[in-house]
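Take a look at the structure below.
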Amino acid sequence: MELLKRLSETPGVAGREERVRELIEKELAGVVDEFHVDAMGNLTAVKKAGKDGAPRAMIAAHMDEIGFYVRHIDDKGFIRLQRVGGFDPRNLFARQVTVHASISGEELIGVMNPAGKPIHISTAEERGKVPELDAFYVDLGLKADDVRAQVRVGDMVTLNQQFVDLGAVVTGKALDDRAGCWVLIETLKRLDDPAFEVHGVFTVQEEVGLRGALTGAYRVEPHVGIALDTTLAVDTPDIGEHLRVTQLGKGVGLKVMDSSAISTRWLLDEFIALAEKHGVEYQLEVLPLGGTDAGAIQRTRTGVPSITLSTPSRYVHTVTEMVAKSDLEAEVTLLTAFLQEGTDRLDP
Ligand SMILES: [Zn+2]
């Protein structure tokens, strides 16, 4: 979990994934046969197959996290933000953030709050309203001149949160999708003469519309595509069982569909059969709204058989995302088995 802690705490909003990419490249040095970084910033780590002429599998996990860019610095030094990715404003009150100041090169700690009155002097009606995302600003505690001497429009702002290992589960920021990055790294380490030529693609800009996976898949030209991403574990209080999607600790999620893709049926059937053969705990997942890199891979060129393996996560898109170690292990076991054993459906 030490690796997942580092992945979680490394800042990298969509478009600024370079530090996450460096970390992963270091971690996989000597493990894979080659690396490639494309113009978008996707990192592809290739593990050669056991024999020549093997089909190519693209396994995608996105490096980017949801966050912000500086949009405006006002005359008092308060910073207004542009969001990158889907935030729920209810989760953004009283947050500690880091402004990655490009002029000074400093990492400036600040606090984020919505514009408006403190509780003591607000009316009941004002307190009942959830502010729009646009209302949130960052206070660095500095004068405007100090801020402007260090920070520029377009600088990255990330939410701060320490990663914590709670035993059976872990919690922290950006587990969407650093958990997927962890699963991919761990799988690449375990592969030994796989049945596929395995292209582990650590993608960029997933949170703003699956952008990295699009160019990554075009380059790899995979015969099969697998996205690794978190999904909703809705097993928390006061939510009906029919809205569950998945549950924490009940195994790897096998995606049937979401709003970006309907998983290729034979691939889903193969993963179900493989999970049963190896005794890997799994849960079938239907997600009404949301997408993964599989949505981009599946529609590349003339189409690619694709599926998503999901990590169930509570509190998705907050800094207190929570995933279960047993689900991560189930995912690595199943993915490794698939890549080692291959599939008859793709024999050239
Ligand atoms: Zn994600």
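The values are calculated or read from the model by the stated rules, or taken from the named source; none is laboratory data. Keep in mind that what you see is a predicted model, and the values were worked out from it rather than measured. With ideal geometry, Cβ positions are generated from the backbone for all residues, glycine too; neighbour counts draw on all protein chains shown. The accessibility values were calculated without ligands, DNA or RNA, using every heavy atom of the protein model including side chains. Shrake-Rupley method; radii C 1.70, N 1.55, O 1.52, S 1.80 Å.
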Subject >> Of the GluC sites (Glu not before Pro) in region 260-294, those whose Cβ has at most 12 other Cβ within 10 Å and which sit in DSSP loop >> reply: none
Original post:
Suppose R0 equals 25 Å; then what is the FRET efficiency for ASP134 and ILE109 from their Cβ-Cβ distance, rounded to the nearest 0.05?
Top reply: 0.65
Original post:
Taking Cα pairs under 8 Å and at least six residues apart, what relative contact order does region 217-266 come out at, in percent?
Top reply: 23
Subject >> Amide H partners (placed H, <5 Å) of TYR137, local residues excluded >> reply: ASN113, ALA115
Subject >> Candidates THR292, THR187, THR230, ranked by Gaussian network fluctuation over the chain, Cα under 10 Å, top entry >> reply: THR187
Subject >> Inter-label distance, nm, simple model (7 Å from Cα along the C-beta direction), ILE119/ASP33 >> reply: 6.0
**OP:** Go through region 106-204 and name the GluC sites (Glu not before Pro) that are in a DSSP coil and have 13 or fewer other Cβ atoms within 10 Å of their Cβ.
**Re:** GLU106, GLU132
**OP:** Count the net charge of all other residues whose Cβ sits under 13 Å from the Cβ of VAL208, scoring Lys and Arg as +1 and Asp and Glu as -1.
**Re:** -3
**OP:** Can you tell me the relative contact order of region 19-107? Whole percent, Cα pairs under 8 Å, sequence separation 6 or more.
**Re:** 15
Subject >> region 142-159-region 87-130 distance, computed between alpha-carbon centres (Å) >> reply: 15
**OP:** Quote the convex hull volume per residue of region 1-42, based on C-alpha atoms, as a whole number of Å³.
**Re:** 66
Original post:
By the scheme Lys and Arg +1, Asp and Glu -1, what is the net charge of all other residues having a beta-carbon under 15 Å from that of ALA39?
Top reply: 0
Original post:
For the chain, taking Cα atoms only, what is the radius of gyration to one decimal and the Dmax to the nearest whole Å?
Top reply: 20.9, 72
Subject >> Karplus-derived HN-Hα couplings along region 265-281 (A = 6.51, B = -1.76, C = 1.60, θ = phi - 60°), whole Hz, x at Gly and Pro >> reply: 4, 5, 5, 4, 4, 5, 5, 4, 4, 5, 4, 5, 4, 9, x, 8, 5
Original post:
What part of the accessible area of the chain, given as a whole %, is carbon or sulfur when the probe is 1.4 angstrom?
Top reply: 50
**OP:** List, in order, the whole-Hz ³J(HN,Hα) value for each residue of region 132-137 obtained from phi through the Karplus relation with A = 6.51, B = -1.76, C = 1.60 and θ = phi - 60°; use x for Gly and Pro.
**Re:** 5, 4, 4, 6, 7, 9
Original post:
For region 11-119, what Kirkwood radius comes out of the mean inverse Cα-Cα distance, in Å?
Top reply: 17.3
Subject >> Cleavage-rule hits, chymotrypsin sites (Phe, Trp or Tyr not before Pro), region 60-139, DSSP coil, Cβ neighbours within 10 Å at most 10 >> reply: none
Original post:
With each label point set 7 Å from Cα along the Cα-Cβ vector, what nm distance links LYS51 and LEU3?
Top reply: 2.9
